[in-house]
Amino acid sequence: MDNGYGMQIPVDLSVGLVVEKKLYFGQFPILRLSGFHDIIGDSIITNAFTVGVLAVEEIEKSWRHLNDISEAPVKPVLALTGLYGWGDN
């Protein structure tokens, strides 16, 4: 790293992390969808859709918290993984 005087100096870095896994079940906003409605199976056949944006605060407030995926009221059709990070300064 630069020491402020144009010289590169070695530094030691350390990081303390708390890693948690939280599962939530809810309705993800789909803004646009192109496909067909299967009337017999009551499902949608699609290969193109546009999803909306979700805030972490909204998920924690209004979605159902799960301890395990088997607790979901129906089998999820879309699973998303997110990373939420923050700093103390």
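Lys21 meets each of the listed conditions (1) at pLDDT 90 or above; (2) among the charged types (D, E, K, R); (3) assigned to a loop (DSSP other than H, G, I, E, B) apart from (1).
Taking first residues from segment 21-37 that are under 26 Å from Glu60 (Cβ atoms) and partners that are of a type in the set (Val, Ile, Thr) and part of a strand (DSSP E or B), the Cβ contacts under 7 Å between residues at least 6 apart in sequence or on separate chains come to Phe28/Val51; Pro29/Val51; Ile30/Val51; Leu31/Thr50; Leu31/Val51. Taking into account only those residues within segment 59-70 that are outside any strand (DSSP E or B) and touching a residue at least 12 places away in the same chain (Cβ under 8 Å), which is nearest to the chain's Cα centre (by Cα)? Within segment 59-70, the match that is nearest to the chain's Cα centre (by Cα) is Ile59.
Restricting attention to segment 30-58, the residues that are over 20 Å from Gly82 (Cα atoms), within 21 Å of the chain's Cα centre (by Cα) and surrounded by 10 or more Cβ atoms within 10 Å (Cβ to Cβ) add up to 1. Just to be sure before I move on: is Thr81 surrounded by 10 or more Cβ atoms within 10 Å (Cβ to Cβ) and either in contact with a Ser or Thr (Cβ under 7 Å, 6 or more places away or on another chain) or among the polar types (S, T, N, Q) (or both) in the structure I sent? No, not satisfied. Filtered by the rule that a residue be at pLDDT 85 or above and either under 21 Å from Val19 (Cα atoms) or surrounded by fewer than 11 Cβ atoms within 10 Å (Cβ to Cβ) (or both), segment 64-78 gives Arg64, His65, Leu66, Asn67, Asp68, Ile69, Ser70, Pro73, Val74, Lys75.
Only one of the listed residues (Leu78, Leu31) is in contact with a strand residue (DSSP E or B) (Cβ under 8 Å, 6 or more places away or on another chain) and either part of a strand (DSSP E or B) or of a type outside the set (Phe, Trp, Tyr) (or both). That residue is Leu31.
The values are calculated or read from the model by the stated rules, or taken from the named source; none is laboratory data. Quick caveat: nothing in here was measured; it's all calculated off a predicted structure. Heads up, the Cβs are rebuilt from the backbone with ideal geometry, glycines too, and the neighbour counts pull from every protein chain shown.
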